Amino acid sequence: MPRFMKRLNSFTALILLLLLVTACGQTGSNNQAETPAANTGTETSKSADGSITVEDATGTVTLTKRPERIITMEFSFADALATLGVQPVGAADDDDPALFMDEVKSKLTNYTSVGSRYEPNIEVISSLQPDLIIVDLVKHKEVMEQLKGIAPLLVLDDYQADYEQMLKNYMIIAKAVGKKAEGQKRLEEHEAKIADAKSKLQSTDLKVLPAVVNPKGFFAHSDHAYTGSFLAKLGFTDPVKDENSYPQLTLEQLVETNPQVLFLMPTEKETIVNQWEANSLWNKIDAVANKKVFTVERRDWSLARGLIGSEKMASDIVNSLGK
């Protein structure tokens, strides 16, 4: 074979080899483009490792997993878990389970009391080996560091919360326990129930005052407080117009405030109202003169402070002032 033909065949083989390599390289590139790259985004990694991040009253809280052993340090937190179908292992109930609403108590089938909301039993809390403790920003300030040494904390502003803040707290709890979707659905059901209750009221053009009464005093709940703000949500007017959430009123101040409706939450059978009823000033109050003084359960109206409690309040109000 002539020498130039040998060179031509070698050159042709080299060209074919280069074309083959190029084609293989292009095929590899195309496959890589069509195959999704591994997602290294933060959201996906959180979902993959089961961690949960929420914002509470103090900042960002990251839980390494969905909590299973939860302790609630306020009645409202227990109310929230009850609506989400989550059982706390411990709850601060002031050593009296009867302070829970019946509907809430029926859902808390097996929990250990950790004592008073104000002075919880730290030893009992530790023995329960919780993986989350839900605490109040104000009430538990003094024991916060001790509790942090036991388990992660979810800190919420409950004591100073109005109705709208309660709803926000509810969704924070729902997210923290891995029940965001269930919480959102239950919240929508709640809003529908409250709207229905409002439609059944004869009139909201009334000055309505809720108050806790005990043997020593009359404590109004202004529209800055949970109960008063809920009444304002329904359209009623707060007659005390006080910047404080729970102003204590004398009989003379109550007469001057002159509510058209009173919802009284007694802590005991005999209260200061029993003394006031013997005073002629008592009958000068419009609510008294028009027989619009109603006694309601304190545990429903003041302690529960959640969706279930609010729905019970709405029901009581409709029964008292409905069409």
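A few notes on this one:
- Cβ-Cβ under 8 Å pairs, at least 6 apart or on other chains, segment 125-154 side without any contact (Cβ under 8 Å) to a residue 24 or more places away in the chain and open to solvent by 20 Å² or more (accessible area, probe 1.4 Å), far side among the polar types (S, T, N, Q) and part of a loop (DSSP other than H, G, I, E, B): Val138/Gln160
- Flag for Ser222 being assigned to a loop (DSSP other than H, G, I, E, B) and of a type in the set (Gly, Ala, Ser): yes
- Note on segment 227-323: enclosed helices (runs of 4 or more DSSP H) holding 3 or more residues that are in contact (Cβ under 8 Å) with a residue 60 or more places away in the chain, out of contact with any strand residue (DSSP E or B) (no Cβ under 9 Å at 6 or more places or on another chain) and open to solvent by less than 10 Å² (accessible area, probe 1.4 Å) are 307-321.
- Extreme residue, nearest to Val135 (Cα to Cα), among residues of segment 72-94 that are part of a loop (DSSP other than H, G, I, E, B) and without any contact (Cβ under 8 Å) to a residue 60 or more places away in the chain: Ala92
- Residue check, Gly183 under 30 Å from Pro67 (Cα atoms), of a type outside the set (A, V, I, L, M) and open to solvent by less than 10 Å² (accessible area, probe 1.4 Å): yes
- When Thr64, Thr83, Thr112, Thr58 are checked against the criterion of being open to solvent by 50 Å² or more (accessible area, probe 1.4 Å) and within 16 Å of the chain's Cα centre (by Cα), a single residue qualifies: Thr58.
- The residues listed here are Ala195, Ala176; of these, the one that is over 25 Å from Thr295 (Cβ atoms), open to solvent by 10 Å² or more (accessible area, probe 1.4 Å) and either touching a strand residue (DSSP E or B) at 6+ places or on another chain (Cβ under 7 Å) or at pLDDT 95 or above (or both) is Ala195.
- When the test is whether a residue is over 24 Å from Ser199 (Cα atoms), hydrophobic (A, V, I, L, M, F, W, C) and not assigned by TED's automatic domain parsing to the domain that holds Asp158, Phe230 does not pass it.
The values are calculated or read from the model by the stated rules, or taken from the named source; none is laboratory data. Computed from a predicted structure; not experimentally measured. Counting neighbours? That spans all protein chains shown, and the Cβs are built from the backbone with ideal geometry, glycine included. When the accessible area is computed, the model is the full protein with side chains, heavy atoms only, and any ligands, DNA or RNA have been set aside. Shrake-Rupley method; radii C 1.70, N 1.55, O 1.52, S 1.80 Å.
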